[in-house]
Amino acid sequence: MSTVTESPDDPCAALQAAWRGIPLAAAMGIEAAAFDGETLHVRAPLAANINVHGTAFAGSLFSVCVLAAWGRLWLALHRQGVTARIVVTDSRIDYRRPVTGYIECRSRLEPADERALLDELLAAGRATLPLDAVVPSERGPAVQFTGTYALRLKPRAER
């Protein structure tokens, strides 16, 4: 797995740099922790995302999940040198268990789904894809998220 470093060839470092333009990501302390080519692992400290009950704030959990799935799509495009706008257009989240420590989240995109997404995007200039993110716990998912993401190639002037 790749871990966050200063190397520009590291996908996690590249994603982390992209997230620098999102003030909420910085405030939450979200980090692209590892990427194995299919699954993106992100994390954020509880201290920056805590609620009055001493557990992770639901809004932070939602944001971590949205950014994990968004980041996984960004990595798919980045790997191919494709520049596109990525926006979440719909989502569903289930909060199943409280998160009492570091927020760990993962989002996985199967190689066949990634290829189909890229083919559609390059052929039509746009694509849509549902993508999951999960915050695991020892007893199963603490949080389960599904978002529908719309991708649109950027005009040449913006690339």
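The values are calculated or read from the model by the stated rules, or taken from the named source; none is laboratory data. Note that this is a predicted model, so its numbers are computed, not measured. Glycine also receives a Cβ, built like all others from the backbone with ideal geometry; neighbour counts cover every protein chain displayed. Only protein heavy atoms, including side chains, enter the accessible area calculation; ligands, DNA and RNA are left aside. Shrake-Rupley method; radii C 1.70, N 1.55, O 1.52, S 1.80 Å.
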Given the condition over 20 Å from LEU46 (Cα atoms), open to solvent by 30 Å² or more (accessible area, probe 1.4 Å), part of a strand (DSSP E or B) and at pLDDT 95 or above, answer yes or no: does some residue in the range 111-122 qualify? no
Looking at ALA33, ALA17, ALA44, ALA84 in this structure, which one is within 14 Å of the chain's Cα centre (by Cα) and closer than 29 Å to ALA124 by Cα? ALA17
Mind listing just one residue for me: the one in the range 149-158 that is of a type in the set (A, V, I, L, M, F, W, C) and either out of contact with any strand residue (DSSP E or B) (no Cβ under 9 Å at 6 or more places or on another chain) or open to solvent by 20 Å² or more (accessible area, probe 1.4 Å) (or both) and, of those, nearest to TYR102 (Cα to Cα)? ALA150
State which residue pairs qualify: first residue modelled with pLDDT under 95 and inside the range 134-159, second residue of a type in the set (S, T, N, Q) and not in a strand (DSSP E or B) in any location, beta carbons under 8 Å apart, and separation of 6 or more residues or different chains. LYS154/THR83; GLU158/THR83; ARG159/THR83
Can you list the strands (runs of 3 or more DSSP E) found entirely within the range 1-109 that contain at least 3 residues being loosely packed, with under 15 Cβ neighbours inside 10 Å? 84-95
Would you be able to tell me the number of residues in the range 123-148 that are more than 24 Å from GLN80 (Cβ to Cβ) and open to solvent by 80 Å² or more (accessible area, probe 1.4 Å)? 2
